[in-house]
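FYI, it's all coordinate maths here, none of it is from the lab. Since we're looking at a predicted model, the values are computed, not measured. Every residue, glycine as well, gets a Cβ built from its backbone with ideal geometry; the counts of neighbours run over all protein chains shown.
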2 protein chains.
Amino acid sequence: MKRSLEHIEYKEDTEALAKFAKALAHPTRIAILKYLENQSCCFTGDLVDVLPISQSTVSQHLKELKNAGLIQGELKPPKIKYCINQDNWKTAKTLFQQFFD
Amino acid sequence: MKRSLEHIEYKEDTEALAKFAKALAHPTRIAILKYLENQSCCFTGDLVDVLPISQSTVSQHLKELKNAGLIQGELKPPKIKYCINQDNWKTAKTLFQQFFD
DNA sequence: AAAACCTATCGTATATTTGCGATAAACATT
DNA sequence: AATGTTTATCGCAAATATACGATAGGTTTT
């Protein structure tokens, strides 16, 4: 490939902010998070009902938000309850605030 | 293709926020904007000196930031002076603030 | 006019993202 | 044990993003 073989490193805060921004870089994920902010928590199925995309795609977006640390899932068999991860949410909020002055 | 033929629509604010987030979704672009925040303005060459990537790649990232409306270029022959677009910056700031409560 | 300088764009290669249907996995209920 | 419910994952296809070198298009300087 033509891309650099070694991963380019930036400052920790820069990388962290970019990572959070990436998690927010799709309207579906924004919609999910807005929904979670209102409901505080919800099940995957609730989102599937609300969003205009398939269940598997919703699940994939949830996975990304989970990987970014913005949400967390709790087993409530047979469902899974998703909530915002308040700690990381606060971290993201702070990073964006600092960034925008 | 397997993806939906029609573009899925979300609320205007949701789309706008996702678009700004996408522009911020790469550490290089965060680094560029941070640099611009300090300097208020700079030339492309300044960024090429500072960043660990090639000139063409820097230019590409600048283009994306310009497309997102976060920066603007002004011809200062033979250079181009880039500054933050204060209006859109404020819009983005507000959107993120509202989003994070 | 020629040379030098600065930046954007083109062409290319690769990686990642997005989306779907199908299927699997986990658990509860019957 | 069999069935139903719910969600994650797999496999695939297409679009988008990332990166580079080479080149083109301006402008200034010589």
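Listing for the model above:
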read-out: Cysteines in chain A that, by Cβ-Cβ distance, have no pairing candidate under 4.7 Å; value: A:Cys42
read-out: Residue-by-residue Karplus 3J(HN,Hα) for region A:54-69, coefficients 6.51, -1.76, 1.60, Hz, glycine and proline x; value: 6, 4, 5, 6, 4, 4, 5, 5, 4, 4, 5, 5, 5, 4, 6, x
read-out: Peptide-level mean, for B:38-46, of C-beta atoms on other protein chains within 10 Å; value: 0
read-out: For residues of A:91-98, the mean tally of beta carbons on other chains within 10 Å; value: 3
read-out: Placed amide H near A:Ile71: partners under 5 Å, 5+ positions off or other chain; value: A:Lys66, A:Asn85
read-out: Long-range HN-HN contacts of A:Phe43 with modeled amide H, under 5 Å; value: A:Tyr82
read-out: Given charges at beta-carbon only (K, R positive; D, E negative), |dipole| of the protein assembly as shown in Debye; value: 380 debye
read-out: Summed residue charge, Cβ within 12 Å of A:Asn67's Cβ, Lys/Arg positive, Asp/Glu negative; value: +4
read-out: Estimated 222 nm signal from helices in the protein assembly as shown, with DSSP H stretches of n ≥ 4 weighted -39500 (n - 2.57), rounded to 500; value: -18000 deg cm²/dmol
read-out: Phi to ³J(HN,Hα) by Karplus 6.51 cos²θ - 1.76 cosθ + 1.60 over region B:86-96, Hz, x for Gly, Pro; value: 4, 4, 5, 4, 5, 4, 4, 4, 4, 4, 5
read-out: Normalised contact order of region B:12-99, rounded percent, pairs of Cα under 8 Å and 6 or more residues apart; value: 31 percent
read-out: Debye, to nearest 20: dipole size of chain B, +1 on Lys, Arg Cβ, -1 on Asp, Glu Cβ; value: 260 debye
